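Report on the following structure.
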Amino acid sequence: MPEPISPLDRLIVALDMASTDEAERLIARIGDAARFYKIGYRLGYAGGLGLAERLVRAGHKVFLDLKLHDIGNTVEEGVRSVAGLGATFLTVHAYPQTMRAAVRGRDAVPGSGLRILAVTVLTSYDDDDAREAGYALGVADLVAVRAAAAREIGIDGIVCAATEAATVRDRVGPDRLIVTPGIRPAGAEAGDQKRIVTPGAAIRSGVDHLVVGRPITAASDPRDVARRIVAEIEQAL
Ligand SMILES: O=C(O)c1cc(=O)[nH]c(=O)n1[C@@H]1O[C@H](COP(=O)(O)O)[C@@H](O)[C@H]1O
């Protein structure tokens with residue numbers, strides 16, 4: 001059985017900011033209301049990898065959302081480099097060749113603790129977007145197929161919307177993680193997200209970690225919003 005995850009560690013705050021100064025100010029404001037942070041393109045390309053190492057040294061957990069997707073050799077070597085940074089999670093797109101390469105890169109650095117998450121279908125996509133991108137399957141079927149492939153290949157966790165969590169759990173079993181962005185507390189703006197779920201409903205559908213960005217980062221009191229989300233998670237468990 002998987003290790004129990006505390007309500008606090010289930011919340012991952014997306015640091016989609018322009019600079020490490022801005023990110024560090026937000027982290028200081030949030031204080032002990034969160035301890036798991038995600039660094040994606042915006043911050044990653046603006047000093048975010050150095051910040052990731054500093055956060056790990058300070059006892060935080062870090063999710064590097066680099067969404068790797070390239071020829072196998074490049075993905076494998078990229079994952080080997082990332083494995084030295086101390087992050088807990090790294091994303092790759094859920095294409096079989098890419099996932100196999102990421103698993104080889106992970107396994108080449110034993111003891112790094114890095115876990116690979118496969119991004120199935122972005123939460124900003126609906127069936128029309130999938131069709132426009134050339135896929136014959138709708139979002140739910142595409143997520144199910146990719147989750148099953150990820151499990152077969154040895155990926156550690158799946159990124160999907162919480163709307164697909166039950167199907168994904170069915171495909172991947174109890175030992176793989178399910179990590180869901182597209183989380184919106186009741187009444188929060190969806191923005192560009194199309195498959196949104198509240199924190200409590202996500203947890204009840206079997207999700208392990210929730211990724212929350214703007215509802216926290218754009219709030220006038222980010223610490224308060226983070227605390228409320230963790231309380232909602234705790235209640236739903
Ligand atoms: O891989 C991700 O983290 C991700 C996958 C996905 O399908 N949808 C998605 O929104 N994300 C990321 O999750 C975060 C969501 O941010 P908010 O919409 O501001 O809560 C962003 O950093 C996205 O890059």
* Asked: Among Glu53, Glu24, Glu76, which is the only one that is away from the ligand (no atom under 16 Å from the Cβ) and buried (at least 17 other Cβ atoms within 10 Å of the Cβ)?
  -> Glu76
* Positions within region 166-195 being closer than 18 Å to Leu142 by Cβ and within 13 Å of the ligand (Cβ to nearest atom), in sequence order -> Val168, Ile178, Val179, Thr180, Pro181, Gly182, Gln193, Lys194, Arg195
* Structure fact -> Of (1) buried (at least 18 other Cβ atoms within 10 Å of the Cβ); (2) within 16 Å of Pro4 (Cα to Cα), Gly173 fails just (1)
* **Residue match in region 130-138 (condition: in a loop (DSSP other than H, G, I, E, B), within 14 Å of the ligand (Cβ to nearest atom) and either on the phi < 0 side of the Ramachandran plot or acidic (Asp, Glu) (or both))** => yes
* Structure fact -> Taking region 101-120 and keeping residues in a loop (DSSP other than H, G, I, E, B) and in contact (Cβ under 8 Å) with a residue 24 or more places away in the chain leaves Ala108, Val109, Ser112, Gly113, Leu114, Thr120
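This table checks each residue for (1) at pLDDT 95 or above; (2) part of a helix (DSSP H, G or I).
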{"position": "Ile12", "(1), (2)": "yes, no"}
{"position": "Met17", "(1), (2)": "yes, no"}
{"position": "Arg25", "(1), (2)": "yes, yes"}
{"position": "Lys38", "(1), (2)": "yes, no"}
{"position": "Leu64", "(1), (2)": "yes, no"}
{"position": "Val75", "(1), (2)": "yes, yes"}
{"position": "Arg80", "(1), (2)": "yes, yes"}
{"position": "Gly84", "(1), (2)": "no, yes"}
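Residues are listed down the side, and each one gets a yes or a no for (1) more than 12 Å from the ligand (Cβ to nearest atom); (2) surrounded by 16 or more Cβ atoms within 10 Å (Cβ to Cβ); (3) over 16 Å from the mean Cα position of the chain (by Cα):
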residue	(1), (2), (3)
Leu8	yes, yes, no
Leu11	no, yes, no
Met17	no, yes, yes
Leu43	no, yes, no
Gly59	yes, no, yes
Thr91	no, yes, no
* Tell me, yes or no, whether region 139-155 has at least one residue that is touching a Phe, Trp or Tyr at 6+ places or on another chain (Cβ under 7 Å) and without any contact (Cβ under 8 Å) to a residue 40 or more places away in the chain. => yes
* **Set Glu164, Glu232: member being under 16 Å from the mean Cα position of the chain (by Cα), part of a helix (DSSP H, G or I) and surrounded by 18 or more Cβ atoms within 10 Å (Cβ to Cβ)** => Glu164
* Asked: For region 200-216, which residues satisfy the criterion of being within 14 Å of the ligand (Cβ to nearest atom) and either of a type in the set (Lys, Arg) or out of contact with any strand residue (DSSP E or B) (no Cβ under 7 Å at 6 or more places or on another chain) (or both)?
  -> Arg214, Pro215
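The values are calculated or read from the model by the stated rules, or taken from the named source; none is laboratory data. Here the structure is a predicted model, which is why all the values come from computation and not from measurement. We place every Cβ from the backbone using ideal geometry, glycine too, and count neighbours over all the protein chains shown.
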